[in-house]
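To start, the structure under review is shown below, and the notes come after it.
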Amino acid sequence: MCYDNIKNLLKRGYLCRTNKDRPAQYRITLYGRCKVITELLGIDFLKLCILTEAHIAHKSQLENSCAFSYTLHSMFEIFSGIYERETIQRQAKTLCRMNLADSVRPNVIQLSGGAIRTMSEFDDTLQDLHRWIVGVLHLADVLSLGTPDP
């Protein structure tokens, strides 16, 4: 029964093998860690991405004594071609209704006090997710250039 659960988690991408020679060594993937956070917060992946980027911005603003806010324009750019602008806006409004963020003005949010504490608990995973999100934009740029012919 336990091995069936592990196989299922492997198949879904939540776990990966760390050493093919030793069958009992696995680690949770970034996807698996994100799945845990989305389940704990009751949100979907896009909302987690928005919260992650707001969390990263908040930490930077805290270090630099800036006003706390996050503009959704970065998300529009990063996920253009993947998500519609309206979808991202709708997700941000839902985060505000869930008291995870506050609307500052159109397309600008800030994390609520509770969300700041919650997101801090997952900082390592959110840092990894942020690197992945930034990588999406880079990959989109590379793909838009096309593959050169030999």
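The values are calculated or read from the model by the stated rules, or taken from the named source; none is laboratory data. Just so we're clear, the structure is a prediction, and the values are computed from it rather than from any experiment. Neighbour counts are summed over all protein chains in view; Cβ atoms, including those assigned to glycine, are modelled from backbone coordinates with ideal geometry.
Here are a few things to note about the model shown:
- Some residue of the stretch 33-42 being in contact with a Ser or Thr (Cβ under 8 Å, 6 or more places away or on another chain), at pLDDT below 90 and closer than 20 Å to H130 by Cβ: no
- Search result, residues across the stretch 42-58 that are touching a residue at least 24 places away in the same chain (Cβ under 8 Å) and either over 14 Å from S103 (Cα atoms) or among the acidic types (D, E) (or both): G42, I43, D44, L46, K47, L48, C49, T52, E53, H55, I56, H58
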